[in-house]
1. Counting only other residues whose beta carbon sits under 13 Å from that of residue A:81, what net charge do I get with K and R as +1, D and E as -1?
2. Through the Karplus equation 6.51 cos²θ - 1.76 cosθ + 1.60, θ set to phi - 60°, convert the phi angles of the stretch A:136-144 into ³J(HN,Hα) values in whole Hz; use x for Gly and Pro.
3. To make sure I understand, if each residue's beta carbon is the centre and we count other beta carbons within 10 Å, what order do A:155, A:190 fall in, fewest to most?
4. Considering only the other residues whose Cβ falls under 12 Å of the Cβ of residue A:106, what net charge follows from Lys and Arg at +1 and Asp and Glu at -1?
5. Placing +1 at every Lys and Arg Cβ and -1 at every Asp and Glu Cβ, with all other atoms neutral, what dipole size does the protein assembly as shown have around its Cα centre, in debye to the nearest 20?
6. Binning every alpha carbon pair distance of the stretch A:127-225 at 10 Å from zero, what are the percents per bin?
7. Between Rg and the Kirkwood Rh of the stretch A:1-72, both from Cα atoms, what is the Rg to Rh ratio?
8. Please report, for residue B:188, the nm distances (one decimal) from its label point, 7 Å out from Cα along the beta-carbon direction, to the equivalent points in the remaining copies, shortest first.
Protein chains: 2
Amino acid sequence: MEQARTARGEQTRAAIFDAALALFRERGFEATTMRAIAERAGVSLGASYHHFPSKSHLVLGFYRHVHERHVAACEPLLQRERDLGARLRGVVRAVVMTCEPFHDVSASIFSTVADPSSPLNAFGEAAAGLRDDVIGLYARVVAGSDARLPEDIATELPRLLWLYQMGVLYFWMLDSSPGRLRTLEVVDETSDLIVRLLAVANLPPLRRSRQRLLGLVQSVARDVG
Amino acid sequence: MEQARTARGEQTRAAIFDAALALFRERGFEATTMRAIAERAGVSLGASYHHFPSKSHLVLGFYRHVHERHVAACEPLLQRERDLGARLRGVVRAVVMTCEPFHDVSASIFSTVADPSSPLNAFGEAAAGLRDDVIGLYARVVAGSDARLPEDIATELPRLLWLYQMGVLYFWMLDSSPGRLRTLEVVDETSDLIVRLLAVANLPPLRRSRQRLLGLVQSVARDVG
């Protein structure tokens, strides 16, 4: 009985979620109201607010959903592969493939992520839990690899890779190549380049600049995080 | 007579511009209508549309205005100074100081710049003229300096510095330090770091990665520009 009620709750939640995505796609994020979402889902406004107290909660639920699929998609690779370049390329490919079904709504939703005044801003508090989880995924990419990195790089690299993922997703949003294959090429090229730069970052001419750069990343992360 | 009419036109244009900024500040960019702007400016809706056919035109006019002030602020420094680090630091400081009076509206306006579906998107066609002008300003920063850079770097660096400027402005928008002095510190540190990295970019261990990175920047700029 309890289980049936929960399953019904999950169904309602999924219906609201699907309705919201459809409306974001048709009208854009800003123009979509909670009332319209409830109507489209065929549930009461009260039920909608019960599951998602605001549109922001819907969007965070959406990110959470995508992130969980992303992690699941990476799992076999992270278990199997030890090469840092291959791990990085695979995890970034996986986020592109996981987001791909949502390409036509991504721009509408993304406008709130980049907006510093939005509660959903990627650097803001509401997104902190999810941000930490994505950074945690990249910490696994680094820690489970056989690359031997200086400690300061190993510490800050996951956060830099999170920024890199956002850059790739921004490129993917703008990508108008057939099948968006250009995004996959850019992932191949950039992930390999990152690994090559890491390999030289410990050489004497770069060491001092690297330490300054990482110190800066750390302090800026404190400022805006 | 002709001159008086032009002066009156300029006044009307300025009144619409100021009204728009005030309303963006109070209500945000999305919620501000052309009708509300005309009312606040005390002009007819027709006159408003004559000067700015859409809100997008207003925002582009705003960017143009800020950019012209920015260039004027840089002029003495670009005439006087030959050191690349000092030129870069000065030009980025100047953009921060020029934008500072608009800090409280910047987030509202910026949300449209980052939105890939917006016609005002920084990588889009409507913004192309302004983007080229900002890149051109950084080309002057590089070309007028006494730094001897490899040709591939000298070619792509202005575009990378335009991206760097956008990054600094994004930090400035999020900066909640007293007086936003933290932004000026970050400008000092990052501009110096960029110049140091340029100094080592021609060393053998980095040369190949640098060439690949610049090739990638070039091809991505073609894709999204």
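A short reminder: the numbers here are calculations on the coordinates, not readings from a lab. Note that the coordinates shown come from a computational prediction; the quantities given were computed from them, not determined experimentally. Heads up, the Cβs are rebuilt from the backbone with ideal geometry, glycines too, and the neighbour counts pull from every protein chain shown.
1. +3
2. Karplus-based 3J(HN,Hα) across the stretch A:136-144 equals x, 4, 6, 5, 5, 4, 6, 5, x Hz.
3. Least crowded to most crowded, the residues run A:155, A:190.
4. My count for the surroundings of residue A:106 gives -2.
5. Dipole magnitude for the protein assembly as shown comes out near 320 debye.
6. 14, 41, 34, 11, 0
7. 0.99
8. List, nearest first: 4.6 nm.
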